[in-house]
Amino acid sequence: MDNQEELEKLIDNLMTSDTLETPSVGFTQKVVEKAIEVKSQRLEYKPLLPKWMLSLAAILVVGLVVYGIDLGATSDTSVSYFKDLSKIGVWSSDFFAKFNFSKTLTYAVAIPGIMICFHTLVLKKYFENRLA
Amino acid sequence: MEQNLNQPNVQLILNGDSQEFSKLVDNYKNLVFTVALRMLKNTEEAEEVAQDTFIKVFKSIKSFKGDSKFSTWIYRITYNTCLDRLKKVKKAQMISSFDEMSGMEVADLRTVLDVIEEEEKSKLLKKCMELLSPNDSALLSFFYFEEKNLKELSKILNLSENTVKVRLFRARERLGCILKERLNPETIRNYG
């Protein structure tokens, strides 16, 4: 125990001579410039969908509305465009009813899904802890 | 030994005050760089890692909850960034075996250190630090530059206080052994 204390005193004494190292002269400036760059990148608006895709979607919606109005005006009142739209639900339920998934396949898809969700939570917590 | 640290205004930094951020960098850059240099043993890499550390601080300053000292938070990021870099470049963690020092050897070293000039002692210490493992040198630097606070050190390294105590003791022993090897045996004999 005495030996440990002696060693501790020796190192304590030695460490009083320790000095901090200094980085290069322009270090602070470089870091601030990088931070400004990071901030401007963060503020830059980046749409999730490209412009052409948004335009195409807008054209499709407008086209469908115009088609619906046009069809409603010319055809018999009982066959309206909006009634046709409701048939999509019936069609999709019929369509998906044809598929019959085995239990193994269902579990094979569901279990990795659950695992991914769980890992996401764990990783999120881990990175938050590292930076906290 | 200690850095003069004025707690930076986090809100001002969040509002984009680059002046306040540069004040923060100036306050902590020396210890951050010192630890990076001692862990990575390379000036260019250390400077790069120190820069990365401050960018990480800038990016995640919003998440600083204030449940620890601001310096502890920054040093924890520094330590983790250095470890990440070490993992990335797969640098060997130098863990050399060492013999326990006898009381006589410790006493001899003490006598020698008492007569060595301060500047020479500082140079000798730097050389010895270079030979220590990244973890040991980080541990000793944080401990001696940061008010010898075990509690804060355990938060920086994410270890229990007892583990830190044990590691600190081992790091001191390793440093003592390196010191003994570095010093010319004749010098020890002459002064001892």
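Key figures
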{"item": "Fewest-first sequence of B:106, A:31 by Cβ atoms within 10 Å of each Cβ", "result": "B:106, A:31"}
{"item": "GNM top mover of B:116, B:77, B:55 - chain B, alpha-carbon springs below 10 Å", "result": "B:116"}
{"item": "Charge dipole of chain B about the Cα centre (unit charges at C-beta), most positive-ward option of B:111, B:129, B:21", "result": "B:21"}
{"item": "Proxy reagent accessibility, fewest Cβ within 10 Å first, across A:117, B:177", "result": "A:117, B:177"}
{"item": "Cα-based helix-to-principal-axis angle, B:103-115 vs chain B, degrees rounded to 10", "result": "70"}
{"item": "Residue order, fewest to most beta carbons within 10 Å, for A:104, B:53", "result": "A:104, B:53"}
{"item": "Relative contact order (percent, whole number), chain B, Cα cutoff 8 Å, 6+ residue spacing", "result": "26"}
{"item": "Choice from B:43, B:81, B:34 showing the highest fluctuation, given a GNM over chain B with Cα pairs closer than 10 Å", "result": "B:43"}
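Each value in this text was obtained by applying a stated rule to the coordinates, not by laboratory testing. These figures come from a predicted structure and were not determined experimentally. All Cβ positions, glycine included, derive from the backbone under ideal geometry; neighbour counts span all protein chains shown.
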